[in-house]
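Working notes, structure below.
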Amino acid sequence: MADEDKDVKNLESRRGHGEEIHRCDALTVISQECFPALDGIGFDRSLWHVARHRALGHGESEFLKFRMDTRGSPRQVLRSHPANEIPDLTPETTLAHELDPLSLVIGNALGGAFYFARQYDQAIEKYRETLEMDQSFYRAHAAIAEVCLQKGLLEEAIAEFQWVAERYPNPTSLAGLARGLAMAGRRGEALEILDQLTKWDEHSWRQNDVSRNLATIYVALGEEDSALQWLEKAYEESSSNLVYLKVDPQFDTLRAEPRFHDLLRRMNFPQ
């Protein structure tokens with residue numbers, strides 16, 4: 001019997017035993033519900049079992065073990081829900097935050113749980129709480145920018161993306177800036193960044209998830225056909241960030257497209 005099946009079989013007998021069961025719950029959700037989606041993008045299951053062994057093993061701090069579990073938990077739960085449902089991701093992430101309130105990563109993850117649920121005001125509140133601990137934490141700045149885009153606060157979004165891109169000029173931050181510019185009607189500036197990304201070093205292309213980032217820019221430009229073409233390329237490249245595809249607000253304008261639903265199907269998302 002596979003390890004993930006054993007986890008499911010033993011889960012009920014372990015409920016009610018405090019913190020440890022929360023780790024088991026997170027691990028079970030990941031393994032039982034989400035391997036099909038991971039398989040769809042060519043994920044090597046052996047990598048999961050390495051992480052699982054470390055997370056349920058001994059010799060590491062409780063905070064570290066729990067952080068390893070819950071860091072991946074929200075994305076896995078999102079993958080396992082039907083496309084028209086947005087699950088409540090906050091309980092596990094909130095518990096992780098209570099266990100390690102000074103963790104910038106967990107604080108940001110809690111904001112992300114609200115973001116994917118389209119609860120943008122709560123999301124931005126959590127991201128700003130994270131920045132109160134460390135104003136230089138770029139992930140929170142980038143996350144705030146994403147929320148601002150969804151709320152239509154374009155100038156604020158552009159300012160945040162510029163802050164991040166100046167310090168971390170990678171395809172993700174540059175694509176975020178391009179999206180903000182495109183949505184603000186500054187199409188020429190957005191196209192300049194898009195052109196820069198299409199010429200990105202091929203040796204680090206997949207590592208930097210350039211294809212998916214290009215897709216997000218084309219969405220913001222209103223060029224859905226090009227966006228879908230680049231998503232297909234990202235799929236062919238086994239982009240790990242496609243695990244968010246089913247619920248990521250960046251792709252909401254594509255959800256009526258049959259090709260988009262076909263991509264979700266091929267990734268083994270529940271329909």
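When you count the other C-beta atoms within 10 angstrom of each residue and take the mean per peptide, 192-198, 227-233, 256-262, 176-182 line up highest first as 176-182, 227-233, 192-198, 256-262. If R0 is taken as 45 Å, the Cβ-Cβ distance between GLN150 and HIS203 corresponds to a FRET efficiency of 0.85.
Taking label positions 7 Å along the Cα-Cβ direction at both ASP121 and GLN135, the computed distance is 2.7 nm, reported to one decimal. Both the radius of gyration and Dmax for segment 153-271 are 13.9, 40 Å, in that order, over alpha-carbon atoms.
Read-outs: derived from the displayed coordinates by stated rules, not from any lab. None of the values given here were measured: they were computed from a predicted structure. Every residue, glycine among them, receives a Cβ derived from its backbone with ideal geometry; neighbour counts consider all protein chains shown.
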